[in-house]
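Report on one structure; see the data block that follows.
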Amino acid sequence: IMRKEDIDRFITHHGYETYLQHRESGKGVILLTAHMGNWELSQIGEGLRGRPMTIFARRQKYRRLDGLLNSFRQSYGSISVGKEKTGIRDLLRTLREGGCVGVLGDQSGGDEGVWVRFFGRSTTAPRGPMALALRLGVPVLPVFSIRRGGPSHDIFIEPPLELVRTGDPEEDLQINTQNYIRILESYIAKYPSQWLWGHKRWKRTRTKRITILSDGKTGHVKQSVALAKEIIAKGNEKTPPFEILEEKIEVRF
């Protein structure tokens with residue numbers, strides 16, 4: 001069981017004033033976080049302070065486990081919702097009433113996600129957070145939890161993203177999601193051991209790498225290059241086309 005004094009003792013917030021300013025504005029706010037450190041601490045701490053959040057959480061395959069996790073999340077006052085219609089309505093209602101919504105933004109967006117570049121490779125990211133922000137005009141604050149050691153953590157709250165509006169809804173989603181991904185990359189690069197979502201993160205990607213192992217024999221190399229060109233041509237028939245990165249490595253025996 002955690003208490004408010006535990007949060008005050010073991011968690012150091014950076015940028016908390018920015019969060020409070022937006023939280024108390026009455027316009028609603030989205031905290032966009034990632035599977036870093038103990039990402040649940042933000043909603044636990046705010047629940048203990050009397051400012052519970054509405055948490056968007058992907059449903060687990062096993063119902064008993066899903067119920068157990070959500071009971072933990074909701075034990076401090078927060079509300080956990082999924083992507084079903086009732087859950088989306090709860091998110092919209094929370095924001096329209098000036099509340100706070102917490103969302104994880106580092107997973108794959110699936111086949112319907114937004115195409116972004118993440119650590120040099122094209123892949124998808126969830127479209128929901130930015131779609132909500134653009135639709136309702138609420139600020140998005142990137143938030144990251146980093147474990148210092150033992151029970152001590154830092155929670156970094158970045159300034160709100162400057163939402164770009166071009167007049168093209170899909171372009172707006174792509175630009176703003178990419179802007180968040182850049183901030184996410186900077187935290188993962190700085191604290192690589194803290195990121196816990198490497199599992200199949202690039203399952204959906206249009207960046208393919210072809211490595212030609214050359215033994216120095218002209219005929220072998222020409223055959224490999226011809227095959228690589230054929231693969232590239234087939235990849236470019238896709239819509240949108242694949243990005244093919246080709247490299248050659250000489251192998252010496």
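The values are calculated or read from the model by the stated rules, or taken from the named source; none is laboratory data. Predicted model, so just to flag it, every value in this text is computed and none were measured. Note that we place each Cβ from the backbone using ideal geometry, even for glycine, and neighbour counts take in every protein chain shown. Note: areas computed on protein heavy atoms with side chains; ligands, DNA, RNA excluded. Shrake-Rupley method; radii C 1.70, N 1.55, O 1.52, S 1.80 Å.
Annotation: amide H-H contacts under 5 Å for Arg127 (H modelled 1.01 Å from N, sequence separation of 5 or more, or interchain): Val114. Each residue of segment 155-168 was assigned a 3J(HN,Hα) from its phi angle through the Karplus curve 6.51 cos²θ - 1.76 cosθ + 1.60 (θ = phi - 60°); the sequence is 10, 9, 10, 7, x, x, 5, 7, 5, 8, 10, 9, x, 9 Hz, with glycine and proline shown as x. For segment 76-190, the share of alpha carbon pairs falling in successive 10 Å distance bins from zero is 12, 40, 36, 11, 1 percent. Protein heavy-atom accessible surface, 1.4 Å probe, per residue over the chain: 57 Å². Over 21 Å apart at the Cα level, from the set Lys83/Lys208; Lys203/Lys234; Lys217/Lys248; Lys203/Lys229; Lys4/Lys83, are Lys83/Lys208; Lys203/Lys229; Lys4/Lys83. For Arg59, nonlocal amide neighbours, meaning residues 5 or more places apart or on other chains whose placed amide H falls under 5 Å from its own, are Lys83.
Across the options Ile232, Gly150, Gln174, the greatest Cα extent toward the positive end of the charge dipole of segment 148-236 (unit charges at beta carbon of Lys, Arg, Asp, Glu) belongs to Ile232.
For trypsin sites (Lys or Arg not before Pro), the sites in segment 140-197 that DSSP calls loop and that have at most 14 other Cβ atoms within 10 Å are Arg165. Largest accessible area first, the listed residues Tyr76, Tyr187 line up as Tyr76, Tyr187 when surface is computed with a 1.4 Å probe on the assembled protein chains. Checking every one of the GluC sites (Glu not before Pro) in segment 33-104 against DSSP loop status and a limit of 12 other Cβ atoms within 10 Å picks out Glu84, Glu97. If you line up the long axis of helix 218-235 against the longest principal axis of the chain, both from Cα atoms, how many degrees apart are they, to the nearest 10? Around 40 degrees separate the two axes. Split the accessible area of segment 126-227 by element, probe 1.4 Å, and carbon with sulfur accounts for 54%.
Within segment 109-143, the chymotrypsin sites (Phe, Trp or Tyr not before Pro) that combine a DSSP coil assignment with at most 13 other C-beta atoms in a 10 angstrom radius are Phe119.
Restricting the calculation to Cα atoms, segment 1-88 yields a radius of gyration followed by a Dmax of 13.8, 39 Å.
Around the Cα centre of the chain, unit charges on the Cβ atoms of Lys, Arg, Asp and Glu (plus for the first two, minus for the last two) sum to a dipole of about 800 debye. Computed about the Cα centre, the dipole magnitude for segment 1-128 is approximately 380 debye when only Lys and Arg (+1) and Asp and Glu (-1) carry charge, each at its Cβ. Panel note: the C-alpha atoms of the chain, placed on their principal axes, show extents of 72, 46, 37 Å (largest first).
These residues, Ser186, Ser214, go from largest to smallest accessible area, 1.4 Å probe, as Ser186, Ser214.
A cut-off of 5 Å between modelled amide H atoms, ignoring neighbours fewer than 5 places along the same chain, links Glu243 with Thr207, Lys208.
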